[in-house]
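The values are calculated or read from the model by the stated rules, or taken from the named source; none is laboratory data. Note that this is a predicted model, so its numbers are computed, not measured. When we count neighbours, we look across all protein chains shown, and the Cβ atoms used for this are built from the backbone with ideal geometry, even at glycine.
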Amino acid sequence: MRRLFTFHGGIHPPTNKTQSTTQPIARVPLPAELVISLHQHAGEAAKPVVQVGERVLKGQLIGAPVGGFSAAVHAPTSGTVSAIELETVAHPSSLPELCITLRVDGKEEWAARHAVDYRTLCNAELQQHLRAQGVVGLGGAAFPCDMKLRHAIPVATLILNGAECEPYITCDDMLMRERAAEIVRGAEILRHALDAKEVLFGIEDNKPEAIAAMQRAIDDGGLPFEVVAVPTIYPGGSAKHLIKVLTGREVPSGKLPTDIGVQCFNVGTTYAIKRACDDGEPLIARVVTVTGNVAQPRNYEALIGTHFAELITASEELPGTNRYIMGGPMMGLELPTANVPLVKASNCVIVASDALFPPQPAPLPCIRCTRCVQACPAELQPQDLYWFAQSNNFGKAQEFHLFDCIECGACAYVCPSSIPLVHYYRYAKSEIRARDQEKRAADLARERHEFRQLRIEREKQEKAERLAQKERATAKAVTETAAVPTPTGPVAAGDDTQQLHINAALERAKAQAAAAHPKNIDHLTPEQQAEIAVIEARRATIHDIAADAGADDEPPKQS
Amino acid sequence: MITALWVMVAIAVVLGVVLGYSAIRFRVEGNPLVEKIDAVLPQTQCGQCGYPGCKPYAEAIAKGEADINLCPPGGEDGIHKLADLLGVEFKPFGENTKPRAKAVAFIDENDCIGCTLCIQACPVDAIAGAAKQMHTIIAAECTGCELCVAPCPVDCISMQPIPEKPGNWKWKYPVIPLRQQK
């Protein structure tokens, strides 16, 4: 038996998982329309690579990754692109994001699938393959998978995270029960890529069926993997905490698990990696739990881009619903409407009602009871962080390691004053990030401004030098041609060179004028020549008159 | 008596040498306060303070010639920071200096005649273009100083406020809705 470790804090909220595990994973009928967000992952949004009106096949690339920290987006089924527009998506801001709308044709026609044999691939090639297949972490953060393979190889321990600690969510549980063999296959791929010495499946002990299924799949494959039942505690499924429980080692603040020789993947992601490699299928569908105030709480395997409303309808929404939560009740976010599309990160949608989630009483002042300190799994001082965040004292909040907060909500759950603590931390974090961003922009602007000043100064100097050189050359020429009489006017000796320039310019102008001919007087008919002669005569008389008039106009001198 | 005098003189000489040496060895170039003030300023180089750039304004503040409330792009936050740094009282913005929403310049490329006047005006070289070639703003480098707007002979430069997108969205300060007692 493996020795397990514990972490500080944690809570035991009612798990509410049994409701949605009574029925197997179902499929919803193909929706008529899918809305695929181009920013479903952490990092840069993907760039659309299809046109409106274009027919796309299932699994065809429709959004290409931009830069190193991004993921590809694929068409979940065949159909026609009907719009590429800003649409409301599942984001706490409810601001719209660029989405591709796909009119589904129902033919489910696949594009070419590129299955690969992972044994022939090195780590870099596998990274490239997963990037092309748009595989991101399905645990909730949607971190591009290829980036997690990029660091520190080999790793000592590869952890497959099936803890699923948040209440209500059962998508990983059902996936492990039904598709254990595929998950084990995915784990093999990851072990190969990371050259891991030890592979552990961490599953909370409230999922005995999943543990049994995984153990069976490992035994069938005869693999040296180990399934470890970890105690049920929230947030035991957070990567850092699962690592602590399984290995006893702590990921240092600001570091990655790979820095201590551990890497952690969600079991859903592992399944997606298997599909991407063995079957050549990009990430176009995921298992999602629909639970809460519905008659049929269960899991669905739904295409990315399906509206939540369709899933909720399939589960038969009950009266009394007042809002919808994507994710779990602890860390999830409230959806603006049920009509937003499923993204790769959507593991669960909870149909909430006042009966299930009684409205929070109005917050009372903090009494510094430090129950939050006892609950905080990151060993922070939540009451101090709250104090600094609410007084906009961000420097102090950072000193108290605000950025080590994983926003699990354990502190707010135990708070007797019902203060929305996590909201304060999120506010402080986003303010600090914005300020850092501004600071960087200011530093860049300063650098560019200083360089510009330097450049202008340098250009001025160079110009002065060039001029001085030219002057010297001209002065030399003057002394050499001193014997030749130069036209002298009322010019001071010092202005000689200037006069020289002027004279030279005048000469040039004269020469140019002499060389210029009117170009339209060749090959003229006699009539035209006669006409020109008349005009010339008239011009001559005008000149004469003008000359006379000018002479007359001149004031008589000394009269 | 004489010995005591010599000892005092010797001490004075030694200390003098040490002080003289450290004055040369640890010499501080320029006024470090200017650097500190400059670090607080937003570096838009817009000249709205009446000085030709952030550094000259910082120098003026350090000398005590300028007030700390002349920098609209820095916002009230900037004044607070300057007040903290200099140990003076916070001073609100004057009547005519009010901070505006952040914006970046935008060149209507259909109208641009390629005169390069805006390029010469830009303090951070954030405009790409050449004589008789269309110009464009490098939005990521633009500080929103508006110095390019006035020189444009065809008025093709406008200031576009930076829209709020999910990428730059910030969590708002928690507001607790008040419910009426029944």
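Restricting attention to the stretch A:350-390, and to residues there that are away from every other protein chain (no Cβ under 14 Å) and among the hydroxyl-bearing types (Ser, Thr, Tyr), which single residue is nearest to residue A:427 (Cα to Cα)?
Among those residues, the one meeting the criterion is A:370.
Just checking: which of the strands (runs of 3 or more DSSP E) contained wholly in the stretch A:44-118 hold 1 or more residues that are under 21 Å from the mean Cα position of the chain (by Cα) and farther than 26 Å from residue A:337 by Cα?
A:61-64
Just name the residue that is farthest from the other protein chains (Cβ to nearest Cβ) out of those in the stretch B:154-172 that are surrounded by 17 or more Cβ atoms within 10 Å (Cβ to Cβ) and aliphatic (A, V, I, L, M).
Across the stretch B:154-172, the extreme among qualifying residues is B:157.
Pick from the stretch A:84-104 the residues that are surrounded by fewer than 16 Cβ atoms within 10 Å (Cβ to Cβ) and more than 14 Å from chain B (Cβ to nearest Cβ): which of them is nearest to residue B:171 (Cα to Cα)?
Among them, the one singled out is A:85.
Take the conditions facing chain A (nearest Cβ under 8 Å), surrounded by 15 or more Cβ atoms within 10 Å (Cβ to Cβ) and at pLDDT 90 or above and apply them to residue B:151. Does it pass?
no
Can you tell which of B:140, B:126, B:121 is of a type outside the set (S, T, N, Q) and more than 24 Å from residue A:436 (Cα to Cα)?
Exactly one residue qualifies, and that residue is B:121.
Can you tell me which condition residue A:245 does not meet? The list is (1) closer than 18 Å to residue A:406 by Cα; (2) assigned to a loop (DSSP other than H, G, I, E, B), and all the others hold.
The number of the failed condition is (2).
Pick from B:119, B:113: which is surrounded by 13 or more Cβ atoms within 10 Å (Cβ to Cβ) and not in a helix (DSSP H, G or I)?
The match here is B:113.
For residues that are touching a residue at least 40 places away in the same chain (Cβ under 8 Å), crowded, with 17+ Cβ neighbours inside 10 Å and under 24 Å from residue A:13 (Cβ atoms), tally how many sit in the stretch A:383-406.
Of the residues in that region, 2 qualify.
Among B:74, B:94, B:78, which is touching a residue at least 24 places away in the same chain (Cβ under 8 Å) and over 25 Å from residue A:451 (Cα atoms)?
Every option except B:94 fails the conditions.
Considering each of B:41, B:19, B:15 in turn, give the residue that is touching a residue at least 12 places away in the same chain (Cβ under 8 Å) and either of a type in the set (A, V, I, L, M, F, W, C) or in contact with a strand residue (DSSP E or B) (Cβ under 6 Å, 6 or more places away or on another chain) (or both).
It is B:41.
Collect the residues in the stretch B:1-48 that are within 16 Å of the chain's Cα centre (by Cα) and charged (D, E, K, R), keeping them in residue-number order.
Scanning the stretch B:1-48 gives B:35, B:36, B:38.
Would you check if residue A:208 is under 21 Å from residue A:246 (Cα atoms), assigned by TED's automatic domain parsing to the domain that holds residue A:348, surrounded by fewer than 20 Cβ atoms within 10 Å (Cβ to Cβ) and under 31 Å from the mean Cα position of the chain (by Cα)?
no
I'm checking my understanding of the structure. Among residues of the stretch A:391-419 that are more than 18 Å from residue A:234 (Cβ to Cβ) and touching a helix residue (DSSP H, G or I) at 6+ places or on another chain (Cβ under 6 Å), which one is nearest to the other protein chains (Cβ to nearest Cβ)?
A:394
Out of all the residues in the stretch B:173-182, which are at the interface with another protein chain (Cβ under 8 Å from one of its Cβ atoms) and modelled with pLDDT of 80 or more?
B:173, B:174, listed by residue number.
Considering each of B:137, B:107 in turn, give the residue that is within 22 Å of the chain's Cα centre (by Cα), closer than 30 Å to residue A:97 by Cβ and of a type in the set (Val, Ile, Thr).
The conditions single out B:137.
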